[in-house]
Structures are given as C-alpha cells and as structure tokens.
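The values are calculated or read from the model by the stated rules, or taken from the named source; none is laboratory data. Here the structure is a predicted model, which means the values were calculated and not measured. When we count neighbours, we look across all protein chains shown, and the Cβ atoms used for this are built from the backbone with ideal geometry, even at glycine. Ligands, DNA and RNA are stripped out before the accessible areas are found, and what is left, the full protein with its side chains, is counted by its heavy atoms. Shrake-Rupley method; radii C 1.70, N 1.55, O 1.52, S 1.80 Å.
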Amino acid sequence: MSNSSFLSTSSSVSELVASLGREERLVASELPVWCYKKVTDIVEGIELRLSNMAGGYPFEFTGVRWHSSEQLYLCGEFTDPEIQRELLSATSGYAAKRFIKAKHKKEVREDFPTFRLQWMLSVVWQKCLGNANFRAKLLSIPDGVILVEETTLDTGGTAQIWGCKNPELIAYRKELADRITRWSDANLTKTALDNKINIETNAVRNIGTFVGQNNIGKILMICRRCLLEGTEPPIDRTLLNSANITILGNHLTF
C-alpha cells in the first residue's frame, strides 16, 4: 500500500468500507500508525480505550444494557438465548470470550464468518450511539492517523482479520521495556514505572510492517468519520437481515 493511498481517519467512509476484508501492509516508518493492544495504552497523551473489551462504555440495545461491545458481538455468534444470557452476565468482555464462548465454541454459527464484519460494524455503531464517552474518545483521535489493533502475540485464528501483526515492533518494545525497568530509579513505584513503560514504548511506532486486515481499526475509523459528518455507516442491512440474527429471543431487523 503506497503512502498516497493509505486509509486513515481522514479517509472517506466509502473508501474505508470498500477496504473491509482486504489485507493491508503498513510500513510503520512511512505511515502515521497509532496501534493499541491494552485498554491502558497511551499514545501522544491519549489513552486508547478503543477495544471491544474496554469496560466503562455501557450502552443499551434491544432494551438490554450491555457492559461491553464484545459481549453483544459474541451474542451474534450464537442462536441459543441461554448461551447469550451467559455472555451478557459475564463480568467483562474478556470473561465472556475467554470462558463463555470457549465453553460453547462448538455451537458457534457455521455461517458467522459470512456476516461478522457487518455485524461488528453494526455493534460498534450502536456503542457510538449509546455512549457519549465512547463518542468523545473516538473523536479525540486526530485526523490523518491509522488506527490499528496490534495482535502480534494473539494466537486466535482471527488475529489478522481484526488487527495486524508487527513482530519487529513488538520485539523492540519488549527490549525497550526491559531497559527502562533496569535503568529506572529504584525508588519508583510500580504504578509509576508501568506508566513510564506505557508512554515510552507506545511512543515507538516507526519500526517494522503491520500486516493484517485491520478490520476493527477500519470500523472504528468508519464510525469516527460518520460521527464527524453526522451520517450513519452504510451497513449492509440486506446481508444482516438475511442472517436472521436473534438476541435473547428477539429477531433483529436492520
């Protein structure tokens, strides 16, 4: 992908939507990538609490209060309302995925990959509509940057579908974190040390190449652009209607 055609928070909604499902190769030394992994990651003073796993952004959908967008997204993988209730009652998006989904992985809809991108776009947009703090967080990201969920160490089969891997960058950041730990003031508290490592490692973003489809990054950028323009994402409602998604016994109409 050349510098003249890279997709960022300044790209049009149509360009971003057209890129969903396409693999990207983002050369970090040439492009303004802002990558995040943990909900506490700080880049240029902004805490990138953008992950579906991030708590603190509850929203309502179909008359239900969702603790995280991850839990609503996971419910789309199943048709059994009892499994969906388990997902909803989990203490966090991480717990829902790690324990509830894992327990029922054989019951995931076989056709889920055919509509998961549009379902994710719909879910994240619902979070935008339903939580002012999340809207503000997304709008705090500057124009021109590329949002990337960094999934280098993830072992799941969808790591390069939702995010990108950049082993060279992650190896360098690990070495940097080790150096900071060795050379920091011994009187520094653990919290202060962790914050120092967070800021200094996330400041290094110009190493290696990010490879992956980066669909969640693209979806976040789509939603941000729509918020700025006062429009709605062009969700493929025909596809989602044909998927016959039910949430807690309620058939969804898009």
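Just a few scattered comments:
- Integer Hz, Karplus 6.51/-1.76/1.60 couplings in order for the range 217-227, x for Gly and Pro: x, 5, 5, 4, 5, 4, 5, 4, 4, 5, 4
- Here the range 107-165 exposes an accessible surface that is 50 percent carbon and sulfur, computed with a 1.4 Å probe and the other protein chains kept in place.
- Alpha carbon centroid spacing (whole Å) that separates the range 169-210 from the range 117-167: 23 Å
- Put simply, when 52-59, 186-193 are sorted by average Cβ atoms within 10 angstrom per residue, most first, you get 52-59, 186-193.
- Restriction of the trypsin sites (Lys or Arg not before Pro) in the range 40-118 to DSSP coil positions whose beta-carbon has at most 10 other beta-carbons within 10 angstrom yields no sites.
- Fully extended contour minus Cα-Cα distance, from S140 to H251, at 0.36 nm per residue: 36.5 nm
- A DSSP coil position with no more than 14 other Cβ atoms inside 10 Å describes none of the GluC sites (Glu not before Pro) in the range 113-193.
- Per atom type, the range 1-59 shows carbon and sulfur on 50% of its accessible surface, probed at 1.4 Å.
- Karplus 3J(HN,Hα) series, Hz, for the range 46-60 with 6.51 cos²θ - 1.76 cosθ + 1.60 (x for Gly, Pro): 10, 6, 7, 7, 10, 5, 4, 6, 4, x, x, 10, x, 8, 9
- DSSP-loop GluC sites (Glu not before Pro) across the range 23-84, with at most 14 other Cβ within 10 angstrom: E23, E30, E44
- Cβ-Cβ FRET estimate between K190 and K38, R0 fixed at 25 Å, reported to 0.05: 0.95
- Ligands, DNA and RNA are left out, and with a 1.4 angstrom probe the accessible area of the range 33-115 is 48 Å² per residue.
- Shape call, the chain: gyration tensor on alpha carbons, a/c limit 1.5: prolate
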